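What follows is a set of notes on a single structure, which appears directly below.
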Amino acid sequence: MSVTREYIAAGKRRVNHVHIRWAGGEAFEAGNPERPKIRIDASGKTGPGPVEALLCALATCSSVDVVSILEKRRTPVATFEVDVHGERADAVPARVTNVQLDFRITGEGIERAQAENAIDLALNKYCSVRDSLDPAIPIEWSLELNGRRETADGKRESAGDEAAGAT
């Protein structure tokens, strides 16, 4: 049973606690007081900025679920990477207006439909970070599975085809 389900079953509220400490300039050490910290640096000199950290949190949260779902199907992941691009408004504050997650997964026996379903479930059902974001922010994704990408029209191409200029 997950920690969240345990809290719900016990009738408790789940509260996350983080503490930040200024490290000089625009940098802060952040995290749970009882665990290792991360450096968040708005200048980008010593760590990701706050919005990059938000995008990291979205990618990590959904990725934990994708890997778990695929493992439960007895199709373990060999490698897993996500590139995330967050488009921002030309205003102050420069809020995130669109997110694109590009998943690259390898693993023996993983079928495209299984991986796509795992990503969909992660982003639309299980990821608490996604669910905490404004629902009006579009979250789009693509999948490269075992070096093969499927285009919107259902055609498959190898990852190298795109780099060579193939359509």
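Side notes on the structure shown:
- Lone qualifier among ILE40, ILE20, ILE105 - being in contact (Cβ under 8 Å) with a residue 24 or more places away in the chain and not hydroxyl-bearing (Ser, Thr, Tyr): ILE105
- Selection from region 72-111 of residues that are assigned to a loop (DSSP other than H, G, I, E, B), of a type outside the set (Gly, Ala, Ser) and under 18 Å from GLY147 (Cα atoms): THR75, PRO76, VAL77, GLU108, ILE110, GLU111
So that you can scan it fast, the table gives a plain yes or no per residue for (1) within 20 Å of the chain's Cα centre (by Cα); (2) surrounded by 12 or more Cβ atoms within 10 Å (Cβ to Cβ):
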site	(1), (2)
ASN16	yes, no
GLY24	no, no
THR46	no, yes
VAL51	yes, yes
LEU58	yes, yes
GLU71	yes, yes
GLY86	yes, yes
PRO93	no, no
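- Taking each residue of region 126-141 that is closer than 15 Å to ASP65 by Cβ and looking for partners that are among the basic types (Lys, Arg) and in a loop (DSSP other than H, G, I, E, B) with beta-carbon atoms closer than 8 Å, six or more apart or interchain, yields nothing.
- Residue check for ASN124: over 18 Å from ALA53 (Cα atoms) and in contact with a strand residue (DSSP E or B) (Cβ under 7 Å, 6 or more places away or on another chain): no
- Per the conditions (1) in a loop (DSSP other than H, G, I, E, B); (2) basic (Lys, Arg); (3) not assigned by TED's automatic domain parsing to the domain that holds LEU123, the sole criterion not satisfied by ARG21 is (1).
- When VAL77, VAL66 are checked against the criterion of being within 15 Å of GLY107 (Cα to Cα), in the same structural domain as LEU123 (by TED's automatic domain parsing) and within 10 Å of the chain's Cα centre (by Cα), VAL66 stands alone in meeting it.
The values are calculated or read from the model by the stated rules, or taken from the named source; none is laboratory data. As the structure is a computational prediction, the values presented were derived from the model and not from experiment. Please note: Cβ atoms are built from the backbone with ideal geometry, for glycine as well, and neighbour counts cover all protein chains shown.
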